[in-house]
Amino acid sequence: MTNVIEVEKLNLIFSPNTSREFHALKNITMSIKEGEFCILKGVSGSGKSTLLSVMGALLKPTSGKLEVFSNPVSKMPDFHASTFRREHLGFIFQNFNLFDEFTVLENVQTALIPTGTSVSHMKTRALELLSMVNLKDKKDTFARNLSGGEKQRCAIARALINNPKLILADEPTANLDKKNSENVIEILTKLNQQGTTILVATHDEIFEQMVPNLNVIHIKEGTLL
Amino acid sequence: MNFFKFASLTLVRNLSKNIIVFIFFTLFIFIASSFIFTASSLQNSLDAELETQPDIIVQYKKASRNHPIDTSIIDEISDIPGVEKVYERIFGYYFFDTANKYINVLGIDFLDDEQEKQIKHLYKNFDLKSFLQEDNMLVSSSVKKLLEQYYYEKFFNFIVEDEEPKKVNIYGVFDKKINLFLNDSVIMEMAMAKDILGYEENEASEIAIIVPNKLEIDNIVQKLLVITPTSKIITKNNMYKYSHELYDYKGGIFLSLFITSFLGFLVIFYSQASSINGAGKKQIGILRAIGWSINDIIKWKMSEAVIVSFVSFLSGVLLSYVYIFLFKNNIFVSIFLGSENVYKDIILEPFFDINSFVILFFITIIPYLASTLHPAWKSSIADPTEAIK
Amino acid sequence: MIFSKSLVAFLFVEVTIGLLFIFSFYFAYMILTRWNFNSPSKLQYTLEKRDYFVSLILYFALSSKVVLLPFFINLLNSLSEKLPGAMCAAGVVSANEYGQLLLILKVVIIFVSGTWLILNAKDKLEVNLPYVKPRYYLYLILFFLIIFELLIEYLYFTNISTEEVVLCCSALYGANSNGLTLPFGLDIFAVLYLFYATWVLLFLSYIKKYLLINTVANIFYLVLSFYALTYFFSTYVYELPTHKCPYCLFQKEYHYIGYLLWGSLIGGSFYAIAGFVVSKITRFKTDYLYRNSLVLDTIFILACTLYVVVYYLKNGVFL
């Protein structure tokens, strides 16, 4: 099995050489294999979201090596980093991050706009994913009128629209009740069984209870344990 | 969905935030475009009016003021080869003391074909015979209104130097359409006009010359200078040039003022647009996380600006078209035509001058877009981790 | 000094673009002096972001300049009404020594900024932005061209006298002109022969991919076209053997054909020159730029020839 993510001696320092200097990630070395379901576990402020941002090429590390799908993500200029994010990654967030003033269908389509995909294809693809997450009948509902569980399922559909091989999720169940959390994890497990690699930053115990073959990585104060 | 669709959705769904910019922009376009419509319509009517004017006009000036010109040179001018017709013209302001207003008195030789032709289109079913039987005049609707205010319903008494007041009957009111240039005028028989304006019988306001072959005009002007070296000679071309220059000049001044105030609007807009709030930052963070590049964000923001400016532009122009050409006596006419001598009764002829709107486009949309470049870029580089925090 | 609405608007937009350039100059200067792609410093990331601002401004400037060029030509034509003796833009351009220079500058600026944007697009396709340095040297050139252009514009418009009589196009280009004449003592048939021959050379060098030859031929083509159009083809547009003028073509009487003719000609040269520069600096193929060039050059030659053919078919004789 090849490594999807390879991290070597990764450091991230915010505002270096100032009084506000903060060492957010310290000498992190890790790797994640293709097809793994992996969780980054730690309390809030431990650096798990930061590490996720770095892996998603949203944040540039101060030093160290980071390769995602053999791409030197940390050194990519914006154009390539964005294309990379779009083609390989799907992001899922704690507070869903939908556009409230957009409908479900429009929200799902936004991720496809920069690709210049044809309107009809965009719509078919979005409807396909909405039926997968059981939201097809709500496609014209505004996102602000959805329940928490529906919001997260809509966000998952948006993350999947480009067929990503890696899903990065930041506390996806933190704002959901138990039933909806299980629902989300079921979807993620199903995706994992189809071959998608999944990395979740969370402190929720429910993942350990529900997901078989889970790879748990502990993080504390910017260091892996 | 593409960037334009997305931009239009973000604009419409956040209407309350964008409506202020839209309203102000539309208002600016409305004012500028009303000015342009008024100016170009007046210019166009003036051009049409000039078309009916004689080819050469000879005036006598003293200290740069118009003085009566001696009509004895008419025969001499008629002898110049290439000249088809020469005739005298009488006009001048009569001061209506009680009302403190000026009335423009035009004298016409009704027996002359050329001049009668000009009058015919002013008044339908004009009966020359009955008109000339008594002391009659034709008045504009504004003058009619003015005279009625002072209870002159059927006639008017002109006060003439060293004579009894001259009583002239109001024969009729001429057509509204041509009021633009005859708004404050009355038209009467030539001898009577001379009497009222204090001209001698052998004097005229100016001498008009008609030249069928336009290429001959310069030659004839040379010969006129020999006949009357002290006269001022105006060709039709001079008149066009002068009127165009006047309007262009007024227009230029207005544009400069407009640009200055528009810049003020842009500064306010710019400072508002370049401060991105938390929600805005978050929105951009989300888009960046789902794969939008810096350039994609810029494209979206610029599409928004393009939509706002084009929609405002079109609605401003449309509103002003309706206001200027469908409503009577709009304020822009007063601004353009200056002092209120007599009450204005004017409807502008619709006229659309493309060049002026290209100019308006350049001085509004380009600076507006220019002022959005920096805010668009600034929001595009907002911290993309904002979505994860 | 000459004054009109169009002129106020034109100068206003030009100054706006100039201000944007001055605004971006600091960013460009920082990128030129401090760029180090391999550095993980915050400064480097900031510079990478600023690069987007500079390219945004250039994109905006180029689009405005492209729209503004026909407006400028139209402005010159409309100013001819105010200048004694002028019948079209020819007289206005020759009203003082800056007119000709200004026109050339405008075309050069469009060439340089267009090339810059193509380079920029290629640069963004690379993973390490390798063409930043050449791009920003080119930016420096462009910056000074823009400032120089503003200066020339100021000098040009303040030095047009509305009193002095200027020459009309027949005096400048016509039979008894003492100004411009055909170069190297060539007669018009030699110019025409060379003009068509150069197009054949363009075509062949494109097929054979001799890019350098194609670019040089394009420059020749531009020069020859100027003479062929002014002294030969324009007479067929005007249908008058004595009316020779490159500017009257823009007027309404001739269906604004000048915009198509000059637009295709300038566009054709632009793509060839940009294609050459881009292929020298980057590793990308620029065949599509040369193809665009050939298409535009061909549109030009076809349009010109068509005027002659149609005239012959209608009248049975040549002028």
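The values are calculated or read from the model by the stated rules, or taken from the named source; none is laboratory data. Keep in mind the model is a prediction, meaning the values are calculated, not measured. Ideal geometry is used to build each Cβ from the backbone, glycine not excepted, and the neighbour counts take in all protein chains shown.
The set of residues in the stretch A:175-197 that are under 18 Å from residue A:154 (Cα atoms) and not in a helix (DSSP H, G or I) comprises A:175, A:176, A:177.
Checked against (1) modelled with pLDDT of 90 or more; (2) surrounded by fewer than 15 Cβ atoms within 10 Å (Cβ to Cβ); (3) in contact with a helix residue (DSSP H, G or I) (Cβ under 9 Å, 6 or more places away or on another chain), residue B:201 passes all but a single condition, namely (1). State yes or no: is residue B:171 assigned to a strand (DSSP E or B) and over 30 Å from residue B:220 (Cβ atoms)? When the stated conditions are applied, residue B:171 passes them. If you go through the stretch C:241-272, how many residues are crowded, with 21+ Cβ neighbours inside 10 Å and of a type in the set (A, V, I, L, M)? Residues meeting the conditions: 4.
When B:259, B:284 are screened for being surrounded by fewer than 22 Cβ atoms within 10 Å (Cβ to Cβ), part of a helix (DSSP H, G or I) and of a type in the set (A, V, I, L, M), only B:259 passes. Only one of the listed residues (B:29, B:56, B:90, B:69) is aliphatic (A, V, I, L, M), surrounded by 14 or more Cβ atoms within 10 Å (Cβ to Cβ) and farther than 22 Å from residue B:239 by Cα. That residue is B:29. Residues of the stretch B:369-389 that are more than 10 Å from chain C (Cβ to nearest Cβ) and more than 23 Å from residue A:51 (Cα to Cα): B:375, B:379. Exactly one residue out of C:83, C:76 is under 17 Å from the mean Cα position of the chain (by Cα), buried (at least 19 other Cβ atoms within 10 Å of the Cβ) and not aromatic (Phe, Trp, Tyr), and it is C:76.
Of everything in the stretch A:23-65 that's surrounded by fewer than 19 Cβ atoms within 10 Å (Cβ to Cβ) and within 14 Å of chain B (Cβ to nearest Cβ), which residue is farthest from residue A:193 (Cα to Cα)? Looking at the filtered set, the residue picked out is A:45. Restricting B:112, B:97, B:79, B:75 to those that are surrounded by fewer than 17 Cβ atoms within 10 Å (Cβ to Cβ), touching a residue at least 24 places away in the same chain (Cβ under 8 Å) and within 26 Å of residue B:228 (Cβ to Cβ) reduces the list to B:112. Taking each residue of the stretch A:111-139 that is more than 14 Å from chain B (Cβ to nearest Cβ) and looking for partners that are surrounded by 13 or more Cβ atoms within 10 Å (Cβ to Cβ) and among the acidic types (Asp, Glu) with beta-carbon atoms closer than 7 Å, six or more apart or interchain, yields A:135/A:150; A:138/A:150. With the condition kept exactly as written, say whether any residue in the stretch C:231-240 is surrounded by 23 or more Cβ atoms within 10 Å (Cβ to Cβ), aromatic (Phe, Trp, Tyr) and assigned to a helix (DSSP H, G or I). Yes: one or more hits. One residue alone among B:19, B:23, B:31 is over 28 Å from the mean Cα position of the chain (by Cα) and more than 14 Å from chain A (Cβ to nearest Cβ), and that residue is B:19.
Of the helices (runs of 4 or more DSSP H) entirely within the stretch C:25-133, those holding at least 1 residues that are within 11 Å of chain B (Cβ to nearest Cβ) occupy C:42-79, C:99-125.
What are the residues in the stretch B:357-368 that are more than 7 Å from every other protein chain (Cβ to nearest Cβ) and either over 25 Å from residue B:247 (Cα atoms) or surrounded by 22 or more Cβ atoms within 10 Å (Cβ to Cβ) (or both), if any? Answer for the stretch B:357-368, where residues must be more than 7 Å from every other protein chain (Cβ to nearest Cβ) and either over 25 Å from residue B:247 (Cα atoms) or surrounded by 22 or more Cβ atoms within 10 Å (Cβ to Cβ) (or both): B:360, B:364, B:368. Going by what's in this entry, would residue C:165 be described as more than 28 Å from residue C:276 (Cβ to Cβ) and either within 17 Å of the chain's Cα centre (by Cα) or outside any helix (DSSP H, G or I) (or both)? Criteria met by residue C:165.
Here is a yes/no grid of residues against (1) of a type in the set (Val, Ile, Thr); (2) more than 10 Å from every other protein chain (Cβ to nearest Cβ):
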position	(1), (2)
B:233	yes, yes
B:236	no, yes
B:241	no, no
B:249	no, no
B:252	no, no
B:257	no, yes
B:265	no, yes
B:268	yes, yes
B:273	no, yes
